[in-house]
Amino acid sequence: MDFMIVFQVLGPLLDIAFLFLLLVIGLVIIILLAKVLLFVLPAAIIALVVWFFTGSIFWAGVAFLIIALLSLLRR
């Protein structure tokens, strides 16, 4: 059997299969990034408010960690 004929037939099908595989991987990465952003966003907002009022990065970091921990425990 001539492998060039097999490759010419299966080549586009493999390309389409790899395209869909990469599309699924990309969607999973986007979904995971969105979940991480939604997890970190409330803590970041609180930390920004604390930093704005106190001017201390230390207290902003403490507030971020506390809110992130509370978010984690809530789940």
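PHE39: touching a residue at least 12 places away in the same chain (Cβ under 8 Å) and of a type in the set (Phe, Trp, Tyr), yes or no?
Yes: the conditions hold for PHE39.
Please count how many residues of segment 49-75 are in a helix (DSSP H, G or I) and loosely packed, with under 13 Cβ neighbours inside 10 Å.
Residues that pass the stated criteria total 12.
With the condition kept exactly as written, say whether any residue in segment 12-31 is surrounded by fewer than 10 Cβ atoms within 10 Å (Cβ to Cβ), more than 25 Å from the chain's Cα centre (by Cα), assigned to a helix (DSSP H, G or I) and modelled with pLDDT of 95 or more.
Taking every residue of segment 12-31 in turn, none turns out to be surrounded by fewer than 10 Cβ atoms within 10 Å (Cβ to Cβ), more than 25 Å from the chain's Cα centre (by Cα), assigned to a helix (DSSP H, G or I) and modelled with pLDDT of 95 or more.
The values are calculated or read from the model by the stated rules, or taken from the named source; none is laboratory data. These numbers come from a predicted model, not from an experiment. Counting neighbours? That spans all protein chains shown, and the Cβs are built from the backbone with ideal geometry, glycine included.
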